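Single-structure report; data block below.
The values are calculated or read from the model by the stated rules, or taken from the named source; none is laboratory data. Given the structure is predicted, the values throughout are model-derived calculations rather than measurements. Using ideal geometry, Cβ is built from the backbone for each residue, glycine included, and neighbour counts are taken over all protein chains shown. All accessible areas refer to the heavy atoms of the entire protein, side chains included, with ligands and DNA or RNA removed. Shrake-Rupley method; radii C 1.70, N 1.55, O 1.52, S 1.80 Å.
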Amino acid sequence: EGIHWVLEACRTLIDSDLSEKALNPLHNVLEVEPTNREARALMSLARTKAAQGQKTRRNSVVALATVLIASGVALVKVRVDMVYDRRLAAVNELTDRPQEALALLEETFEGDNSSRVSNLRESLVSRIAAIHHALKDAWMERYKAAQLECTMGDERMGLRLALDIPAPPEIAGEEDNW
């Protein structure tokens, strides 16, 4: 007589997605009355729903772990990019002193051939070449003015101009072109 109430409570638990809680009472009912069809059907239904619940929980845990891993990777990527940008900004701050900037770039980004570093490297090399060209042109102008004064004008003035000319600027790779 009490079995009917137990089965009704188990049916309510199964319908409320609490199938695991219904398994023990159904097992007890089947021990007392092993041929009860309704108890067997509810036991089968409770086991099926309990297995589905466990599968859903497992899939949820896997999905959550995947999201956490992806978030961790994204966080690391953002931090690496921030450090990279900071180092690149430090080099950019020295663009008014291109030789120092190039030295820092080569030291900081040794072996880095990314487009940002390559473009900055090319820009700095161009600026250094322009500075060297301007130094060489300025020195050559002073030299030619002294030469012209010595050949066409006052030799003493030409000598004074020639003696006032500083040594040629030291430009790497330009030692033989003077």
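Figures for the structure shown
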{"item": "Taking region 29-178 and dividing mean pair separation by its residue count, relative contact order in percent (alpha carbons under 8 Å, at least six apart)", "result": "11"}
{"item": "Charge context of residue 101, other residues only, Cβ under 13 angstrom, K/R +1, D/E -1", "result": "-2"}
{"item": "Note, ³J(HN,Hα) from phi for region 140-157, Karplus 6.51, -1.76, 1.60, rounded to Hz, x at Gly and Pro", "result": "4, 4, 5, 5, 5, 5, 5, 4, 5, 5, 5, 8, 10, x, 6, 5, 5, 4"}
{"item": "Candidate lysines for bridging to residue 49, where Cα separation is under 20 Å - those fewer than 8 sequence places away on the same chain excluded", "result": "21"}
{"item": "Within straight-line cross-link reach of residue 136, lysines at Cα separation under 29 Å, skipping those fewer than 8 residues along the same chain", "result": "144"}
{"item": "With all protein chains modelled, accessible area of residue 95 [1.4 Å, Å²]", "result": "40"}
{"item": "Between helix 98-108 and the chain: long-axis angle, C-alpha atoms, 0 to 90°, nearest 10", "result": "30"}
{"item": "Area accessible to solvent at residue 8, 1.4 Å probe radius, in Å²", "result": "80"}
{"item": "Which label in (1) 38, 18, 14; (2) 95, 10, 9; (3) 47, 31, 13 gives the computed semi-axes √(5λ) of the Cα gyration tensor in Å", "result": "(2)"}
{"item": "Rounded tilt (10° steps) of 3-15 against the dominant C-alpha axis of the chain", "result": "20"}
{"item": "Solvent-accessible ranking of 140, 82, 43, largest area first, probe 1.4 Å", "result": "82, 140, 43"}
